[in-house]
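First the structure, in the form of structure tokens, and then the observations on it.
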Amino acid sequence: MKLRLWAADTFRFSVQGPEIHRFLNQSSAAGVRLRRVRWQKDGCSAAADGIDRRRLEKIAADGGWVITVTARRGPGLRAEALLQTRPGLAAGMILFLVLLKFLGGFVWCVDFGAMDADLQPMMRQLLADCAIHEGTRLTKPLLQAAQAKALRRSETFGWISLNFIGGCLSIESTPAQTRTVREPPSTAGLYARADGVILAVEIESGFAAVEPGQTVTVGQPLAAAEKLDRKGNAVIQGAQGRIVARVQRQYTASRPLTVRTCAYTGRSTERTTLYLPGYTRTEETGAPLRSAETQTEWQPLRLGRLALPGCLCRVTSRERAVQTLTYPEGTAAALALRDCRAQLLKEFPDAEIEAEQREISAQNQAVQACVTYIFTADIAARQ
């Protein structure tokens, strides 16, 4: 059977037979638009769209007229010749459309949108727990289950939406925003928790008892919660605010040169899983480990810049065990200095260090560090 592609073409034809006007009326009633109609000796000629050819041939056969195509223009002729000489093109096109329809239901890529890079591994694991990754045939119940699980992470996401279109799973989210509601200040004053020189007085409520440039000592009142008015009546207002001062403080810490601690042994195993549509393969290298720390990495499959419906999941396990470690004096000193700074920041979380003086000594298989810091911080506290 000869392949005929007329839908995109236009053609010109002639019709012979009695009462040609009846043919024109029936064609118009059938919704066929004829152009450039010319009367001839025994009929007429006209032009029409290729999509109306079969209707015109049926009208002519039913009415006893003879219709003859005299000219044809459009891409149909070239397409017919190409497909007749290259039948593989037609088969390839049909196969492509079938695969496009079938593979469109699989996840080809995951678009995290504007999500922070630190949150993407956690979101990857959440999707993996719901059996969603590149190469998964995604259904509506599976997508709804993953979104419901993500919405339960109220401490991470303020709002999140999962949308699947054309093989791409796109994730739109906003980070959770927390707002702390402060309790009303208690009816107590603020006192200095360190010696220092006042740099700024930022009182929100209460009555300031110091001013910038004044030197204060530990336990000295900085802001009062009560004040007498002109009539001698007490006005009570809980003190609250920041009193910033320049403080000099000394901290000490000690680190032994030999310690027993949990450390990596250097042994590791790796489990790699390949996910493709309808196919999963896992390979594992290395001997089993007793106690290990695992790290999961998802790697989408790509061919250049083209995403493929598949991915690799690589789980690396590194063994840890209790060992005896011997630190060089330099390493032990660095750890002791870090401990000193940790003590400072624990006591004054907002401290800004201006200067420091270090003294390091080694004795009894240990390194001791003594650091004197000059820093600015809020020294106000309630007793």
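The values are calculated or read from the model by the stated rules, or taken from the named source; none is laboratory data. Keep in mind that this is a model prediction, so the values were computed, not measured. When we count neighbours, we look across all protein chains shown, and the Cβ atoms used for this are built from the backbone with ideal geometry, even at glycine. What goes into the accessible areas is simple: the full protein's heavy atoms, side chains included, and nothing from ligands, DNA or RNA. Shrake-Rupley method; radii C 1.70, N 1.55, O 1.52, S 1.80 Å.
Relative to the first principal axis of the alpha-carbon coordinates of the chain, what is the inclination of helix 120-129, with its axis defined by its Cα atoms, in degrees from 0 to 90 and to the nearest 10? Taking the Cα atoms of the chain, the angle to 120-129 is about 60 degrees. Average accessible surface for the chain: 63 Å² per residue, computed with a 1.4 Å probe over protein heavy atoms with every protein chain in place. Here the Gaussian network model covers the chain, with springs between Cα atoms less than 10 Å apart; of N163, N25, N364, N25 fluctuates the most.
Here K231 is the anchor, and no aspartates and glutamates lie within straight C-alpha reach of less than 17 Å, apart from those fewer than 8 places off in the same chain.
Both radii were evaluated on the Cα set of the stretch 237-342; the Rg over Rh quotient, with Rh as the Kirkwood radius, amounts to 1.28. Calculated on the alpha-carbon coordinates, the convex hull of the stretch 103-198 measures out at 157 cubic angstrom per residue. For the chain, the 222 nm mean residue ellipticity estimated from helices alone, with every DSSP H stretch of n ≥ 4 adding -39500 (n - 2.57) and the total spread over all residues, rounds to -7500 deg cm²/dmol. A straight Cα-to-Cα reach below 29 Å connects K41 with the lysines K58, residues fewer than 8 places away in its own chain not being considered. Only protein atoms count toward the accessible area here, which uses a 1.4 Å probe; on the chain, the carbon and sulfur part of that area reaches 53 percent.
Please list V107, V259, V37, V98 from largest to smallest accessible area, probe radius 1.4 Å, with all protein chains kept in place.
V98, V37, V259, V107
Given C-alpha coordinates of the chain, what is the ratio Rg to Rh with the Kirkwood estimate of Rh?
Numbers: Rg = 41.6 Å, Rh = 31.1 Å.
Answer for the chain: 1.34.
Rounded, prolate or oblate: which fits the stretch 192-287, taking a ≥ b ≥ c as square roots of the Cα gyration tensor eigenvalues, rounded meaning a/c under 1.5, else prolate when a/b beats b/c? Prolate, since a/c reaches 1.5 and a/b exceeds b/c.
Placing +1 on each Lys and Arg Cβ and -1 on each Asp and Glu Cβ, with no other charges, gives the chain a dipole about its Cα centre of roughly 2620 debye. Listed by chain and number, the lysines whose alpha-carbon sits under 28 Å from that of K149, ignoring those within fewer than 8 places in the same chain, are K140.
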